[in-house]
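To start, the structure itself, in structure tokens.
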């Protein structure tokens, strides 16, 4: 029964993950698992010093835990489900190595919890490192998702001759866009490490490390259902050996309540049927206390402050207006953004063009895994606005399409020394052709039409940088200059205030602007006129003789 | 009903059949035109009616698509734009031709393009997938993978030596090119000849390595659409190829077997960028003409005109 619920929860998590695409309907909260996570919620609220609407969903989890106990870990948590499933796959028949110093290890998760929460209070979002929901979403985004695409495409390639023979046209022409990400390997190592730890004891992660489990265990002894052992118990200790959480003490009649996740494995394995989970308001004595030392608490307090201090003291954190990365449209101002973002990777998963990529050290320790745009890799699609829609903490604001269009992420800058037209007098106009906002115009300079960026029309989407045919680095790059980052309020109005205009006008002609130099001559060339060489006639629209 | 076109069609059918036999007997791989056959059918009217009439006037779809033959329709659906912006072929024009092909006995009609924008958005926003949804045997595809293309040598290419194009074209599918009339920032206009670049895998090199106008003419030597149906129900006369730009409404469908002639006529129907041009003034059309790919002077063409 528990396994079914757990499996369904993992399926639901995966389904929401798959649904997080540009097609996501507005009513569907694809990020619901992340919203329900009270640790992520507290982390973001503390760090950002602001109540975040979506984080309030986590009160549901807290309330349910208060009422029932720490059921979340056994029934809901998709990380727990993944651990259980992979444990079953890999370690079912292995003899566990076991641990000797159990009690002190158990404290680790509380220390981590304190470190994370204190770090959050200093303004550093750090819980993402070990929060199970963030960790798993990240693992899905950076590893499972690209891998799944590769496997599916491989299968399609293999089956293609068959589909062709059967005349299945759609199937034989099917191919999925392969998303790729930086940090796939790092993410895999972290997740793999968590699974490998099961070799020591089952659910090693949940027992000793998970800070969300720690948070829930603090309040779980207040829950309604508690393990009770009746007098039929013959002290065979089968329950103790089988408890995945090590929640049963040397005396099998006693339960470490904070550790108990109510999976009821003990009740199932008991040969005497002596274990039940009745509703009870009592706080079961010595084992209901959280296993925590004062010294450890103080150390972890200090640790949290130290980490917060260290993260804040990277070269660029003091120069927030000089950061060099392009954030997704709608990202709140950089300082707040770093504090609020929980690095789940949901925006990068849902990004239609795959331009959103995780940062490594570009903005220091405090910017690990935060999303950035990589315009050389792909542009920001003008009709897509999903990244804000799926952001569980609204570090990227959920905006309407019009608002998103005005959330300028940067400005394109032409590097003339690399541009084929400026540096080599070649015929090239790809940047102007592809620009969705007519922000690149051609002006006659030294007898040639040369591309020029109109900063007031460029919203930094990056189509030009993506398409520039110069090999390697693009001759036109998007820089953060001019980006609009608002914590609240309308981007449309802000853009208007700044006299920006991202809507191309129909009569806006890039090749014959109204300036007088562009008057078109009327004469017609003779029949056998030779095709012109590379030098274009700057008096006519391109392509005409 | 004394519909003169009916008679023409029937007579034409017989002539075509006779011509087909003649071709078969003589083994000359070209269409032989009799007196009643037109170089171009230029029909003014609503998209569906005008398209139907244009197909009929150019000899009926059965002139091009025989029972059992598979067909590729190449509309322009390269941009994720709605039809009103005129950057893409009108979905109803595409659906009408697709339907006609199916009725002529084509077991499979592929509507395809190698899109510039993200494929799923293009299929969605252009309305072409939706319009063809209920026609059985018709598949609307955006091909974005190299595996769907194959290399072909260009023996007489001026700039191109070889090019990778959609496999089906090389596998004997009937090709009907269905461009939209629009301006183009690099080639002046983008009609049928330029639209064939949508069947090419590596288009970037056309822009960056070659003289694009000459490359288009070279491409025209290896991709020979049996029929070109130019959607000039709307024309994007500036801001092309992606738009937005000024959209005019010529309300025309222009069909013909000569790709240069169709384009050359298409150039003449509206002023581009506020200027009147002729086919000869379009560099890539002139290059195609000089390569012998078709006629460029429209006053020498035999034209069937009608308003429906």
Quiz item: How many residues are at pLDDT 90 or above, at the interface with another protein chain (Cβ under 9 Å from one of its Cβ atoms) and part of a loop (DSSP other than H, G, I, E, B) when one looks only at region B:265-275?
Solution: 0
Quiz prompt | Of all residues in region A:165-179 being outside any loop (DSSP other than H, G, I, E, B) and within 13 Å of chain B (Cβ to nearest Cβ), the one that is farthest from residue A:345 (Cα to Cα) | solution = A:166
Exercise. Could you grab me the full set of residues in region B:172-195 that are over 13 Å from residue B:225 (Cα atoms) and at the interface with chain A (Cβ under 10 Å from one of its Cβ atoms)?
Key: B:183, B:184, B:185, B:186, B:187, B:188, B:189, B:190
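Determine, yes or no, whether residue A:451 is closer than 30 Å to residue A:20 by Cα, touching a helix residue (DSSP H, G or I) at 6+ places or on another chain (Cβ under 6 Å), within 14 Å of chain B (Cβ to nearest Cβ) and crowded, with 21+ Cβ neighbours inside 10 Å. Show your work before the answer.
Numbers: closer than 30 Å to residue A:20 by Cα: no; touching a helix residue (DSSP H, G or I) at 6+ places or on another chain (Cβ under 6 Å): yes; within 14 Å of chain B (Cβ to nearest Cβ): yes; crowded, with 21+ Cβ neighbours inside 10 Å: yes.
Taking the combined requirement at face value, the residue does not satisfy it.
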Exercise. Output the residues belonging to region A:401-419 that are surrounded by fewer than 20 Cβ atoms within 10 Å (Cβ to Cβ) and either farther than 20 Å from residue A:499 by Cα or modelled with pLDDT of 95 or more (or both).
Key: A:413, A:415, A:416, A:417, A:418
Exercise. Could you pull out the residue among A:208, A:140 that is away from chain B (no Cβ under 14 Å), within 30 Å of the chain's Cα centre (by Cα), surrounded by 20 or more Cβ atoms within 10 Å (Cβ to Cβ) and over 30 Å from residue A:252 (Cβ atoms)?
Key: A:140
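Just to check your reading of the model, which residue among B:86, B:78 is closer than 25 Å to residue B:201 by Cα, within 14 Å of chain A (Cβ to nearest Cβ) and in contact with a helix residue (DSSP H, G or I) (Cβ under 9 Å, 6 or more places away or on another chain)?
Numbers: B:86 fails: in contact with a helix residue (DSSP H, G or I) (Cβ under 9 Å, 6 or more places away or on another chain).
Matching residue, one of B:86, B:78: B:78.
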Exercise. Would you mind telling me which numbered condition in (1) at the interface with chain B (Cβ under 10 Å from one of its Cβ atoms); (2) modelled with pLDDT of 55 or more; (3) surrounded by 19 or more Cβ atoms within 10 Å (Cβ to Cβ) residue A:510 fails?
Key: (2)
Exercise. Look through region B:91-106, keep the residues that are touching a strand residue (DSSP E or B) at 6+ places or on another chain (Cβ under 9 Å) and assigned to a loop (DSSP other than H, G, I, E, B), and return whichever of them is farthest from residue B:129 (Cα to Cα).
Key: B:104
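Just give me the residues in region B:205-229 being within 14 Å of another protein chain (Cβ to nearest Cβ) and either under 21 Å from residue B:295 (Cβ atoms) or buried (at least 24 other Cβ atoms within 10 Å of the Cβ) (or both), in sequence order. Before you say what the answer is, go through the steps one by one.
To start, the set of residues in region B:205-229 that are within 14 Å of another protein chain (Cβ to nearest Cβ) comprises B:205-218.
The answer is B:206, B:212, B:213, B:214, B:215, B:216, B:217, B:218.
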Quiz item: Given the structure, is residue A:472 modelled with pLDDT of 85 or more, within 14 Å of chain B (Cβ to nearest Cβ), over 28 Å from residue B:188 (Cβ atoms) and in a loop (DSSP other than H, G, I, E, B)?
Solution: yes
Quiz prompt | Selection count where residues are farther than 27 Å from residue A:86 by Cβ, outside any helix (DSSP H, G or I) and touching a residue at least 24 places away in the same chain (Cβ under 8 Å), scope region A:180-239 | solution = 12
Self-check item: From B:288, B:261, B:232, residue being within 17 Å of the chain's Cα centre (by Cα) and within 14 Å of another protein chain (Cβ to nearest Cβ)
Solution: B:288
Exercise. Provide a single number: the residues in region A:4-39 that are in a loop (DSSP other than H, G, I, E, B) and closer than 17 Å to residue A:65 by Cα.
Key: 2
Quiz item: Within region B:61-75, can you find the residues that are in contact with a helix residue (DSSP H, G or I) (Cβ under 6 Å, 6 or more places away or on another chain) and either over 27 Å from residue B:143 (Cα atoms) or part of a helix (DSSP H, G or I) (or both)?
Solution: B:61, B:63
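The values are calculated or read from the model by the stated rules, or taken from the named source; none is laboratory data. Note that the structure is predicted; figures quoted are calculated from it, not measured. Glycine gets a Cβ as well: all are built from the backbone with ideal geometry, and neighbour counts include every protein chain shown.
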